[in-house]
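The structure appears below as structure tokens.
The values are calculated or read from the model by the stated rules, or taken from the named source; none is laboratory data. Just so we're clear, the structure is a prediction, and the values are computed from it rather than from any experiment. So basically every Cβ, Gly included, is an ideal-geometry build from the backbone, and we count neighbours across all protein chains shown.
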Amino acid sequence: MKNTIFILLVTLSARLNGQMILKAIELKRNHDTLDVIGYSENEKNGRKTYLIKDKRMSYEVQPEKIKLLDNHLTFWQRVAFEFCGYKINTRGWELNMRNRINGLNMRTISILEQNGQLFNAPYAQDYLQSLLNRIHPDEMFKGKSFSFCVYILNFDSAALYAFDNGVIFITTQLLANIRDEDELLKIMASGVAAVVTDLQFDAFNKKLKENTLKGLPTIDEELSMLDLALVPIQTDNKLKKVVTTFYEKWQTENRHALSKAEVLEKISYIISYTAWQEYYSNRYKTALKLINLLSEYNLDTNEDLLLKAKIYLKLANTIESNREVLTILSEAEKKGPFILSDIYEEKGIVLLRLNQPEEAIKAFKQLEELLQQEKNNAGQLKWCRYMMHKCLLFISNQN
């Protein structure tokens, strides 16, 4: 048996009796068709083996004694077989647990939507979905067929999550730190790999058992549902190896990658949003770094420039810094008719800082004219007129 050579007719029969099987033909004996039900690799010595099963027993075959023919498996089908083949063929798909988990996942998505935590950025999401479709273009099968999809989470932490049914979540904070498509590709591929290898399914089961032992909420309870369902992807060595292999394959196929500027253009709204989040969290330098990145590629809007001016006002109060703020606000005013009231408000404050009450009155007058055209702003209009009165007092005191 040790000298037996097999030709694998690689026709992955994922739906055959709910199993994941490769077919092999024994060459040196009776040319019988055999079932290859698993693959393993020793983490210590790197020894690789295929597991063969016949009517009487199961036995291992070393790869050097196997020749693959007509290999129609995709990259991800092969990964699925190598990681899950033996488990699925011995334990089945565990559909009862997977169905319960998927029910929890669907309820979790509903809660995220109700909480406003699913970030609405259709342009960026369309780009992410198209990239995900290129990474894994086919349906995935885990007892049931499904396609991968992606959501953007409005979270202030950089994280990637995945559900067993192919839903991948990437947070605004993580996206805001992406600098090129290769980096984004590896992150998205990590999410796909976590699902394909069943590592995410195993991680969820591990967390569920820990919760049960600690008396914490389990799958059938509503409490802390988000904390239970959103298990961060753990990039262990096995997962890293899969992603590295996929990326190398991707590069050899000469796939066109977007430039840094093109990627930033796709996600600029998210970068801008995250910059505002950082500002309101008092992380001014981080917010400024994000805005400067947009400015570097001419992707900044007048709202981004307004934020830049606000950051400058927070960080310093010198003649030089205030003059720089005026320059930024002038640029913001030229970029478009949006948020002009906010621009004029900041402009009036800066001019008062520079001891120029006459010019400040002009800015507040522009603000007043805008506010009079709008509704439901009585409080802001009252403040604006108060500031104009204050400017007149300054002028009177100067004289």
* Out of the residues in the stretch 166-181 that are part of a loop (DSSP other than H, G, I, E, B) and either under 11 Å from the mean Cα position of the chain (by Cα) or not assigned by TED's automatic domain parsing to the domain that holds E113 (or both), state the one that is farthest from Y273 (Cα to Cα). => I178
* To do: Can you work out which of the residues in the stretch 59-105 that are small (G, A, S) and out of contact with any strand residue (DSSP E or B) (no Cβ under 6 Å at 6 or more places or on another chain) is modelled with the highest pLDDT?
  => A80
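In this structure, is L393 in contact (Cβ under 8 Å) with a residue 12 or more places away in the chain and hydrophobic (A, V, I, L, M, F, W, C)? Spell out how you get there, then give the answer.
On the way: in contact (Cβ under 8 Å) with a residue 12 or more places away in the chain: no; hydrophobic (A, V, I, L, M, F, W, C): yes.
For L393, the condition - in contact (Cβ under 8 Å) with a residue 12 or more places away in the chain and hydrophobic (A, V, I, L, M, F, W, C) - is not met.
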* To do: Assess whether F163 counts as being assigned by TED's automatic domain parsing to the domain that holds N120, modelled with pLDDT of 95 or more and buried (at least 20 other Cβ atoms within 10 Å of the Cβ).
  => no
* Structure fact -> D180: passes all of (1) in contact with a Phe, Trp or Tyr (Cβ under 6 Å, 6 or more places away or on another chain); (2) modelled with pLDDT of 90 or more but (1)
* To do: Output the residues belonging to the stretch 117-145 that are more than 26 Å from Y273 (Cα to Cα) and either among the aliphatic types (A, V, I, L, M) or touching a strand residue (DSSP E or B) at 6+ places or on another chain (Cβ under 7 Å) (or both).
  => I135, E139, M140
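So, L299, is that one of a type outside the set (D, E), within 29 Å of L174 (Cα to Cα), more than 31 Å from the chain's Cα centre (by Cα) and surrounded by fewer than 20 Cβ atoms within 10 Å (Cβ to Cβ) or not? Give the derivation first.
Values: of a type outside the set (D, E): yes; within 29 Å of L174 (Cα to Cα): yes; more than 31 Å from the chain's Cα centre (by Cα): no; surrounded by fewer than 20 Cβ atoms within 10 Å (Cβ to Cβ): yes.
No: the conditions fail for L299.
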* Return a yes/no flag: does the stretch 275-285 have any residue that is loosely packed, with under 13 Cβ neighbours inside 10 Å, among the charged types (D, E, K, R) and in the same structural domain as N376 (by TED's automatic domain parsing). => yes
* **helices (runs of 4 or more DSSP H) lying entirely in the stretch 73-137 (those with 1 or more residues that are in contact with a Cys (Cβ under 8 Å, 6 or more places away or on another chain) and within 22 Å of T197 (Cβ to Cβ))** => 122-135
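So which residues in the stretch 145-161 are in a loop (DSSP other than H, G, I, E, B) and without any contact (Cβ under 8 Å) to a residue 24 or more places away in the chain, if there are any at all?
Keep residues of the stretch 145-161 that are in a loop (DSSP other than H, G, I, E, B), which gives 147-148, 154-159.
Across the stretch 145-161, the qualifying residues are S147, S157, A158.
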* So how many residues does the stretch 311-335 have that are modelled with pLDDT of 95 or more, out of contact with any helix residue (DSSP H, G or I) (no Cβ under 7 Å at 6 or more places or on another chain) and in a helix (DSSP H, G or I)? -> 5
* Within the stretch 162-202, work out how many residues are in contact (Cβ under 8 Å) with a residue 40 or more places away in the chain, closer than 23 Å to T245 by Cβ and of a type outside the set (K, R). => 22
